[in-house]
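The values are calculated or read from the model by the stated rules, or taken from the named source; none is laboratory data. Here the structure is a predicted model, which means the values were calculated and not measured. Neighbour counts run over all protein chains shown; Cβ positions are idealised from the backbone, glycine included.
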Amino acid sequence: MQEEIVKNVILGEEDDYVINMGPQHPSTHGVLRFEVSLQGETIKKVIPYCGYIHRGIEKMCERDTYPQIIHLTDRMDYLSAHINNEAVCLCVEKALEIEIPERVSYIRTILDELNRIASHQLWWCAMGMDMGALTTFFYGLRDREKILDIFEESFGSRLLHSFNTPGGLMHDVHPGFQKRIKEFISYFRRKLPEYDQLLTDNVIFKERSVGIGVLSREDAIQYGVTGPSGRASSFSCDVRKIEPYGVYDRVNFNEILRTEGDTMARYKVRISEMEESMKILEQLVDNIPAGDFTAKMKAVIRLPAGEFFQRVETARGELGVYIVSDGNKTPYRIKFRSPNFSNLFIISKLAIGFKIADLVAISGSLDLVIPDIDR
Amino acid sequence: MDNSTLRQRLEELTVNAVYPVNKQYTEIIIPAESYHEFCSLLKNSQDMLFDYLISLTAVDWKDHFMIVCHITSTIHRHTIIVKTQLSDYGDPVADTVSDIWRTAEFHEREVFDLFGIRFRHHPDMRRLFLEDDFGFPLRKDFTDESRMIVK
């Protein structure tokens, strides 16, 4: 009896060796568990288990008013907090059919791109650290600090901003806002080549990423893998191009596409995206029009009865907000189509046949944020 | 295709469909029996090619459930909202579309977890986030008495 239990626990169904990675594993960056079946060191099967940080945000939203919901969306993908806020705001504004001031759209787009750079910096430093290059962690956080300082100066918080409100912004930005962004761009233009020197051209890093975890375009579409991970497999899925919001239709930037689809391609797409984001910032920072920082809104926001859908591009992929309203001040049902939820499950296909150490590289290159999966 | 030509094309294809008013996208309500057949038609017709399922979810309308799919085409760039109504409120069952779009497998698991809607022919119908005896929290009649503070 005892022997049978031991056999089932360790060996699994087909005499594979089964190990658990997580939920407290440092390289999953949160509480996610992979059940990995191994033969020797080669992965035969990966089953992701989520739900360790499920907080029921969608249910909580059914109880809250629209300005309150903004604060909950921060807690999904905390590294794209500003973009998550904007998604709900845009959806509410679309439902109410109100025009928001030009100034608001410009500032929102600038903050989106700053948020995207900060998120990619944290991804870069954490991915390097997962693969054994500890220096990247210090370099990445050093540069991210500059963006967080701009955030702190402008609206008081560094990670979870809640700066957007339906109709506009909480308050106007800091007077030195434009100057600080220009300082940051000239600083980061000098520092970005260091990233390439440190990691991109590193022989050990190349050995561990080129040809590892190849995702085909068909699979990316079938599994709904969006964001930089999808674009590395030449799946053109940038919502900023497909359904432009903010002022993305007025700026020039390229959608970065690569064809290889491996870990290295996903890495390179994000590095190039940081450059594109800086290009967008340069075009916008001098042209912020004067005006109000918010449209005139009623004290209590009631959406007309109906259904509304808004897509935005976060740092990790496509976020969809689906609001069903019955005319009250709280939504009848709200659904967040979060990018990480769809990006996660491809891992059980990508990791097959690779070594257990490659699983860390693959999950690092997918850039998962666990609270966004569970919501 | 823009919304009006897409709607014309859909009217040729289906008989019993209802088209609710939607300012943004084409919206269609399909009877539950022809839901799977219609979805595979959407994906495979050369002039529509709806190959990318953005999101699949459900809404509890207190006497019935509504499955809501947002689907778009990566080639033609048009978007459609497909809905189907599940009339049996006590034991709602729908057809799976996970054989058409793989991502639906996980969205359907989430719907099963939070609404208790089962999907026919689904490859892996287990709960995703919550434990087995939790109940279905996104249903409107859900109350969690074990965690309530009784006054």
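For the reader, a short list of remarks on this structure follows.
- Checked against the criterion of being closer than 20 Å to residue A:124 by Cβ, surrounded by 19 or more Cβ atoms within 10 Å (Cβ to Cβ), in contact with a His (Cβ under 8 Å, 6 or more places away or on another chain) and more than 12 Å from chain B (Cβ to nearest Cβ), the range A:247-265 contains not a single residue that satisfies it.
- Test: residue in the range A:196-206 that is surrounded by fewer than 13 Cβ atoms within 10 Å (Cβ to Cβ) and either within 21 Å of the chain's Cα centre (by Cα) or among the β-branched types (Val, Ile, Thr) (or both): yes
- Within the range A:122-138, the set of residues being part of a helix (DSSP H, G or I), more than 12 Å from the chain's Cα centre (by Cα) and not hydroxyl-bearing (Ser, Thr, Tyr) comprises A:124, A:125, A:126, A:127, A:128, A:129, A:130, A:137, A:138.
- Any hit, the range A:52-64, residues being modelled with pLDDT of 85 or more, more than 18 Å from residue A:162 (Cα to Cα) and among the hydroxyl-bearing types (Ser, Thr, Tyr): yes
- Subset of the range A:19-63 [within 12 Å of chain B (Cβ to nearest Cβ), β-branched (Val, Ile, Thr) and outside any loop (DSSP other than H, G, I, E, B)]: A:47, A:57
Here is a yes/no grid of residues against (1) of a type in the set (Gly, Ala, Ser); (2) more than 10 Å from every other protein chain (Cβ to nearest Cβ); (3) crowded, with 20+ Cβ neighbours inside 10 Å:
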{"residue": "B:57", "(1), (2), (3)": "no, no, yes"}
{"residue": "B:80", "(1), (2), (3)": "no, yes, yes"}
{"residue": "B:99", "(1), (2), (3)": "no, yes, no"}
{"residue": "B:140", "(1), (2), (3)": "no, no, no"}
{"residue": "B:143", "(1), (2), (3)": "no, yes, no"}
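- Here residue A:223 meets the list (1) surrounded by fewer than 22 Cβ atoms within 10 Å (Cβ to Cβ); (2) touching a residue at least 24 places away in the same chain (Cβ under 8 Å) almost entirely, failing just condition (1).
- Boolean, residue A:257 is part of a loop (DSSP other than H, G, I, E, B) and on the phi < 0 side of the Ramachandran plot: yes
- The residues listed here are B:95, B:113; of these, the one that is surrounded by 14 or more Cβ atoms within 10 Å (Cβ to Cβ), closer than 15 Å to residue B:57 by Cα and more than 13 Å from every other protein chain (Cβ to nearest Cβ) is B:95.
- One residue from A:374, A:367, A:286 being in contact (Cβ under 8 Å) with a residue 60 or more places away in the chain, of a type outside the set (Val, Ile, Thr), farther than 22 Å from residue A:165 by Cβ and touching a Cys at 6+ places or on another chain (Cβ under 9 Å): A:374
- Taken together, B:70, B:107 contain a single residue that is outside any loop (DSSP other than H, G, I, E, B), without any contact (Cβ under 8 Å) to a residue 60 or more places away in the chain, within 26 Å of residue A:304 (Cβ to Cβ) and within 12 Å of another protein chain (Cβ to nearest Cβ), which is B:70.
- Applying the criterion of being more than 14 Å from chain A (Cβ to nearest Cβ) and of a type in the set (D, E, K, R) to the residues of the range B:3-51, the residue that is surrounded by the fewest Cβ atoms within 10 Å (Cβ to Cβ) is B:12.
- Among the residues of the range A:106-140, the ones that are of a type in the set (Asp, Glu) and closer than 16 Å to residue A:317 by Cα come to 2 in all.
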